[in-house]
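Please treat every number below as a calculation from the coordinates, not as lab data. Computed from a predicted structure; not experimentally measured. Glycine gets a Cβ as well: all are built from the backbone with ideal geometry, and neighbour counts include every protein chain shown.
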């Protein structure tokens, strides 16, 4: 009698396991796009609050790129502003020789550049 109960218990366990296993495999493909957008928003906010966009121009390139490099060090993602005009990862954007980069999230932001408002593409990638 105990062997019949054990066999039935084994069948129930196997059927439950068979129905749960596909659910576990589907969870591996988690969409992290919202997390990446929030991370890009936070990176922009950090640069803004540090004053990197006050009197913004080519003369502040060193300060901006140093702060971008710190964000890259902590997140592992390259920071780009207006393509590779200001970036924490020098190289090209996938054309020609050099290190290619892939943009994973891009935001449109406005900053005052040399006294006039200008819209920039602010992006994170690898």
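By how many nm would the segment from residue 33 to residue 75 grow when fully extended, if each residue of separation counts as 0.36 nm and the alpha-carbon distance is taken off?
Extra length available between residue 33 and residue 75 comes to 13.6 nm.
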Give me the number: length gained by fully extending residue 45 to residue 14, i.e. 0.36 nm times residue separation minus the C-alpha to C-alpha distance, one decimal in nm.
6.0 nm
Segment residue 23-residue 1, length gained on full extension (0.36 nm per residue, minus Cα span):
4.5 nm
How far apart, in nm, are the 7 Å Cα→Cβ label points at residue 114 and residue 61?
1.3 nm
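Sorted from fewest to most neighbouring beta carbons within 10 Å, what does the list 89, 78 look like? Don't skip to the answer; put the middle values down first.
Values: 89 17, 78 24.
In increasing order of surrounding Cβ atoms, one gets 89, 78.
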Per the 1/(1 + (r/R0)^6) rule, R0 = 25 Å and r from the Cβ atoms of residue 126 and residue 82, FRET efficiency to 0.05 is 0.85
